[in-house]
1. Residues in segment A:143-174 that are more than 19 Å from residue A:44 (Cβ to Cβ) and assigned by TED's automatic domain parsing to the domain that holds residue A:120: how many?
2. Against the condition in contact with a strand residue (DSSP E or B) (Cβ under 6 Å, 6 or more places away or on another chain) and either crowded, with 21+ Cβ neighbours inside 10 Å or in a loop (DSSP other than H, G, I, E, B) (or both), how does residue B:357 come out, does it pass?
3. Select from segment A:113-153 the residues that are outside any strand (DSSP E or B) and either away from every other protein chain (no Cβ under 14 Å) or modelled with pLDDT under 95 (or both) and list them in ascending order.
4. Only one residue in A:55, A:39 is surrounded by fewer than 19 Cβ atoms within 10 Å (Cβ to Cβ), within 11 Å of another protein chain (Cβ to nearest Cβ), within 20 Å of residue A:101 (Cα to Cα) and under 22 Å from the mean Cα position of the chain (by Cα), so which one is that?
5. Does residue A:374 satisfy the condition of being modelled with pLDDT of 95 or more, under 30 Å from residue A:185 (Cα atoms), in contact with a helix residue (DSSP H, G or I) (Cβ under 8 Å, 6 or more places away or on another chain) and in the same structural domain as residue A:219 (by TED's automatic domain parsing)?
6. Criterion first (assigned to a helix (DSSP H, G or I) and buried (at least 22 other Cβ atoms within 10 Å of the Cβ)) does residue B:180 satisfy it?
7. Return the total of residues in segment B:322-333 being buried (at least 23 other Cβ atoms within 10 Å of the Cβ), more than 7 Å from chain A (Cβ to nearest Cβ) and under 11 Å from the mean Cα position of the chain (by Cα).
8. Would you mind finding the one in B:385, B:341, B:323 that is touching a helix residue (DSSP H, G or I) at 6+ places or on another chain (Cβ under 8 Å), over 27 Å from residue B:172 (Cβ atoms) and at pLDDT 95 or above?
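The values are calculated or read from the model by the stated rules, or taken from the named source; none is laboratory data. Keep in mind it's a predicted model, so treat the numbers as computed, not measured. Cβ: placed from backbone, ideal geometry, glycine included. Neighbour counts: every protein chain shown.
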């Protein structure tokens, strides 16, 4: 196992993030931004816990346009937040359905309200409201003079471009992901129930250094699988199955997100052909993944190759996305997304197609945009559909 | 390994859930309910996928007050939703930030709007809005005559009381959790970095039949740990540490949620005493866990024992909660929660206290409310703080 990067970030990294945010806030007319979601609170504070899985308690981080961030959080988090760089930490005994942080927020935001200032809230694409909507409405009723403005674009601008320390974590987990896919022939064989294959994959990733494997989906069926978001069945793998595993494993709160396809003992021609098209579509994506090109350009480059076999979209709506603290992040490689690629963006390329009798196939790599050809974080998939035979990959012969 | 229950549910279970919901909708004045969150969509449809981890796409399930549910979902989920009992499935090519399901929802809800009817949305405690707030506001602007009413209480009433099939899944994962805690002495010893202990715990749970271990937190420090929601450090375990692991492992989308404490090689008196108090507080909770008592009664029964050592609350706000498809669910064992316990509610008892120099300790069991003494789903923790020595638990001697 290669050396794992240090956990957490230097204080200077958080200061840099806040400084950039505050610069943009002044430019874009925000007097403060109230953050409620795990990745955003973590991005600016370093507060990192799985406790967000409990839906019971809301958590808040306020960024003023000048000065230090303020955490408004349940008391159960006081110790952990106290170990971050955040110094102004205000807590209440949560849960308290009658007042889950609302009066603390009213105190904090009172001056903005009195001055008729503008408060940023995430209201845009790929966001949600991680507090009860009723509480949000009550909060806003208590701040009648505040101007609420969507801060999604500002936060997206910052989070899409990764720091060197973030890229080191992403590179590490992608290497672990690649190493894990190399072990798949050890446990994916004829007769192995798919459920057991999933469990063995997770165990393997943990052995190889993943903190966790929060995301693992896939499918297996004769001559191809039919959807790409299923949990595993107990069906045993059969000769002629095409198996796909798509994983989001994590290290220190950063995700890899890629998949691999395997044929069990033998591969049918249609699946080999679909694989070849997707492999070349990914090559086209890699060729187009240059600073200055747009996500739409990436989409068009990959679509052009996919169209050799499938002139419909495979219902997935896009051909890749950003990657970081979330399994999927802005931007989207889709016709609607004209985000310009910049150095240090970390993205996936994820071409997919439909073929045969309702079969689908996906293919995915993770990479960093750099000056020139992109830096692959996942080890590039084999150019031909790997066939698992006798516990190892048999080189396939192209028809 | 004991036999795992069947995955999924019979169609009759979904019909029963919908029938009950529709009965309550008529009573409580809802013409329809729009659900957006993973547990609720799964509860009524059976749609089960980890794909919810991607924040990119919203998913909707509409329950009319009479008739069948309607799924309004991204195309990528069409195949999987098509395998549930839901027949009316409307899809769009998501992501599409310009119209992520909104025009489909406007079509669906148009008749309610025209009639000035009442639409239920989850706006209450322990809920969030899993769609962009901006899209929600646009949707509501398009339905000016609809009455929006909080449906949290109705959904909570249903979900709090589990079916036999749900209890079988919960019992199964709790047994796997208990079996996993039995393996902790194999890997938690002096010199083992806490990070490695977490990884070994996850691998062990997977070997023993867990689908996944989405939640694992804990701590270890000399004479007690300081918070209960941290990810693991790389610090090696030391003689005299108190180690706590708290896990939410899953089987078929149902969670266990309990913790165990261990002393490494030797236990200090203060930690032994804290453990004893919490063990007896749990006993008091078990004695009070009877149909007809309230969550507040449970809280008071446990608080009375905890007060022997700690007359402050340990900042956690409650002493247990509901358990099911989420790591934590309604109700809360807290002074504010007067929910009456009913047969087939599945809950945790989770007393906690502060002691010594800023130390905290937690203790947790999972159980089903039945007629009479509750049925424990987790195997009851040892009555005295277990001490790990030479790869096994050494019986402790009470001072």
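1. Residues flagged as more than 19 Å from residue A:44 (Cβ to Cβ) and assigned by TED's automatic domain parsing to the domain that holds residue A:120 within segment A:143-174 amount to 6.
2. Details: in contact with a strand residue (DSSP E or B) (Cβ under 6 Å, 6 or more places away or on another chain): no; either crowded, with 21+ Cβ neighbours inside 10 Å or in a loop (DSSP other than H, G, I, E, B) (or both): yes.
It is false that residue B:357 is in contact with a strand residue (DSSP E or B) (Cβ under 6 Å, 6 or more places away or on another chain) and either crowded, with 21+ Cβ neighbours inside 10 Å or in a loop (DSSP other than H, G, I, E, B) (or both).
3. So the first thing to find is which residues in segment A:113-153 are outside any strand (DSSP E or B), and the list is A:113-117, A:122-128, A:130-146, A:151-153.
A:113, A:114, A:115, A:116, A:117, A:142, A:143, A:144, A:145, A:146 - these are the residues of segment A:113-153 that are outside any strand (DSSP E or B) and either away from every other protein chain (no Cβ under 14 Å) or modelled with pLDDT under 95 (or both).
4. So the residue among A:55, A:39 that is surrounded by fewer than 19 Cβ atoms within 10 Å (Cβ to Cβ), within 11 Å of another protein chain (Cβ to nearest Cβ), within 20 Å of residue A:101 (Cα to Cα) and under 22 Å from the mean Cα position of the chain (by Cα) is A:39.
5. Values: modelled with pLDDT of 95 or more: yes; under 30 Å from residue A:185 (Cα atoms): yes; in contact with a helix residue (DSSP H, G or I) (Cβ under 8 Å, 6 or more places away or on another chain): yes; in the same structural domain as residue A:219 (by TED's automatic domain parsing): yes.
Yes.
6. Working: assigned to a helix (DSSP H, G or I): yes; buried (at least 22 other Cβ atoms within 10 Å of the Cβ): yes.
Judged against the criteria, residue B:180 is a match.
7. 6
8. Values: B:341 fails: over 27 Å from residue B:172 (Cβ atoms); B:323 fails: over 27 Å from residue B:172 (Cβ atoms).
Checking each option against the conditions leaves just B:385.
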